[in-house]
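S.K.: Input: one structure, supplied below.
The values are calculated or read from the model by the stated rules, or taken from the named source; none is laboratory data. Keep in mind that what you see is a predicted model, and the values were worked out from it rather than measured. FYI the Cβ positions are ideal-geometry reconstructions off the backbone, even for glycines, and counts take in every protein chain you see.
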Amino acid sequence: MLQPFPDYLRELREAKNYSIRRLALRSKVAASSISRLENGIFQPSMTMLKKLSIGLNIPEQQLYYAAGYVDHPYKEVDVEGLPKVDVEFMDEKFHRLNRKKRE
């Protein structure tokens, strides 16, 4: 069973000895958003996951997997012949689902 994403993100950040503020500066994601992610208040978009992966210096696929966007942690999404992740499409789908939940 997968570890819940909020716990996983917090453990990754703490393993790097990063404060929320430091990760925010490295990833260009607001500290308040990182805090809300770690507290399970909202689900991250793929764009946000990509930014966080840069800040944490880990493969973005690792976070896509942990957040449930892909079915394998090491699935390459940019290699020819393998499934590609359309980040804009997935973000649009994510936002549409969130709007439906609020209605």
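S.K.: Filter the range 44-66 down to residues that are modelled with pLDDT of 90 or more and either in a loop (DSSP other than H, G, I, E, B) or on the phi > 0 side of the Ramachandran plot (or both) and give me whichever is farthest from the chain's Cα centre (by Cα).
M.R.: By that ranking, first place goes to Asn57.
S.K.: How many residues does the range 8-18 contain that are surrounded by 13 or more Cβ atoms within 10 Å (Cβ to Cβ) and either farther than 10 Å from Leu56 by Cα or among the β-branched types (Val, Ile, Thr) (or both)?
M.R.: So in the range 8-18, the residues surrounded by 13 or more Cβ atoms within 10 Å (Cβ to Cβ) come out as 8-10, 12-13, 16, 18.
Checking the rest, the ones that are also either farther than 10 Å from Leu56 by Cα or among the β-branched types (Val, Ile, Thr) (or both) come to 8, 10.
The number of residues fulfilling the criteria is 2.
S.K.: Here are Ser53, Ser32, Ser27: which of them is surrounded by fewer than 13 Cβ atoms within 10 Å (Cβ to Cβ) and polar (S, T, N, Q)? Steps first, answer last, please.
M.R.: Numbers: Ser53 fails: surrounded by fewer than 13 Cβ atoms within 10 Å (Cβ to Cβ); Ser27 fails: surrounded by fewer than 13 Cβ atoms within 10 Å (Cβ to Cβ).
Step by step, each of Ser53, Ser32, Ser27 is checked, and only Ser32 is surrounded by fewer than 13 Cβ atoms within 10 Å (Cβ to Cβ) and polar (S, T, N, Q).
S.K.: From Arg26, Arg22, Arg13, Arg36, grab the single residue that is more than 17 Å from Val70 (Cβ to Cβ), modelled with pLDDT under 95 and of a type in the set (D, E, K, R).
M.R.: Numbers: Arg26 fails: modelled with pLDDT under 95; Arg22 fails: modelled with pLDDT under 95; Arg36 fails: modelled with pLDDT under 95.
So the residue among Arg26, Arg22, Arg13, Arg36 that is more than 17 Å from Val70 (Cβ to Cβ), modelled with pLDDT under 95 and of a type in the set (D, E, K, R) is Arg13.
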